[in-house]
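The values are calculated or read from the model by the stated rules, or taken from the named source; none is laboratory data. No experiment lies behind these values; they were computed from the predicted model shown. For neighbour counting, all protein chains shown are included, and Cβ atoms are generated from backbone atoms with ideal geometry for every residue, glycine included. Ligands, DNA and RNA are excluded from the accessible area calculation, which covers all protein heavy atoms including side chains. Shrake-Rupley method; radii C 1.70, N 1.55, O 1.52, S 1.80 Å.
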Amino acid sequence: MPKSLISLSQWTQEECYRFFESSLKFKKDKIINKQNGKYIALVFFEPSTRTRMSFERAAGWVGARTSLLSSSLGTSLEKGESYEDTLLNIDALGVDQIVVRCPEDMDLKSIESQLKTPLICAGWGKRAHPTQALLDYVTLYEKVGSLKGLRVLYFGDIWHSRVLASHQELVPQLGIECGYWGSSLSNDLYNFRKFKNKKEALEWAQVVIGLRWQKERHQESWSKDFLQKEATLSSDDMVPLASKPLVLHPGPVGWGEEFDFSIKAYSENQILNQVSNGVFVRALLLANGVNV
Ligand code: CP
């Protein structure tokens with residue numbers, strides 16, 4: 001297994017389940033391999049609430065010290081230093097792990113190959129968000145046990161989601177059945193079932209994973225098409241269903257956009273449980289690296 005975490009495609013089914021079990025054991029027992037003296041650089045070139053604070057909280061659990069770069073303010077990025085040079089300099093400072101959130105156009109894999117320090121991707125443009133995918137499936141494993149054959153519907157902005165990109169690397173190993181419902185402008189997603197309407201999609205789904213409408217990444221025409229499709233999930237949509245699906249969302253939620261406000265009180269809403277589980281997932285990765 002590589003020293004860094006950018007992609008999940010190399011994880012075997014056995015490694016996935018071992019990691020899920022370890023995360024939930026840590027959640028239950030609160031016992032972890034302490035890393036006193038470990039030094040972790042948290043480098044967030046793009047905004048974050050959940051992921052950044054989750055890694056900070058996780059570092060606290062493992063007894064590591066952190067150094068935070070959040071936005072360019074007060075850094076040499078303001079003087080024109082590149083993201084790549086910034087990471088090479090942090091590597092040269094001598095830290096034990098680098099957690100990084102970066103934009104789409106950065107060649108993270110190429111930069112990672114130049115670093116001595118293991119890197120954990122904390123969100124890369126719309127290309128990857130592996131720790132989010134792990135915490136999402138830890139949350140589902142916690143709720144339903146074996147994930148094989150679970151019917152998971154992706155709902156919302158399929159087309160600009162780094163979360164979905166990392167899910168696509170993980171779901172084949174887990175034997176998940178995937179479907180999606182979104183804009184008519186969409187291309188087909190390989191091995192995902194495409195639904196024509198929301199009712200049919202919800203009747204099929206055991207889990208709904210909402211994805212934020214990333215309007216900052218939309219073309220104007222695309223955005224109009226998407227927004228006019230009334231593609232909002234509401235608790236009223238759940239009323240006729242014989243079996244109520246679990247609802248997840250990586251956050252931040254676009255309330256009134258992909259999710260109606262009524263989803264806040266929906267009984268199967270797992271959104272804040274995901275946030276809680278994210279700390280345990282990230283603490284394991286800080287404590288053990290990508291050795292699962
Ligand atoms: N889910 C997620 O990545 O949230 P943040 O952008 O707040 O970190």
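Over all distinct Cα pairs, what is the inverse of the mean 1/r for region 75-165, reported as the Kirkwood hydrodynamic radius in Å?
That comes to 15.3 Å for region 75-165.
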- Note on the structure: Ranked output for segments 54-60, 267-273 by mean other Cβ atoms within 10 Å, highest leading, reads 54-60, 267-273
- Note on the structure: Quick calc: nm separation of the 7 Å Cα→Cβ label points for ALA92 and SER243 -> 5.7 nm
- Item | Acute angle (nearest 10 degrees) that the helix 271-288 long axis makes with the longest principal axis of the chain, alpha-carbon atoms | 30 degrees
- Query: For region 81-178, what is the accessible area per residue in Å² when the probe is 1.4 Å?
  - Reply: 33 Å²
- Can you tell me which of 153-165, 94-106 comes out highest on packing, and rank the rest after it, using the mean Cβ neighbours within 10 Å? 153-165, 94-106
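Tally the DSSP beta bridges in the chain and give the antiparallel ones as a percent, rounded to 5.
So the antiparallel bridges amount to about 5 percent of the total.
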- Among the listed pairs LYS30/LYS194; LYS30/LYS148; LYS34/LYS215; LYS116/LYS143; LYS25/LYS264; LYS28/LYS199, give every one whose C-alpha distance is greater than 31 Å. LYS30/LYS194; LYS34/LYS215; LYS116/LYS143; LYS28/LYS199
- Kindly provide the pair-distance distribution of the chain built from C-alpha pairs, with 10 Å bins from 0 and whole-percent values in order of increasing distance. 6, 28, 34, 22, 8, 1
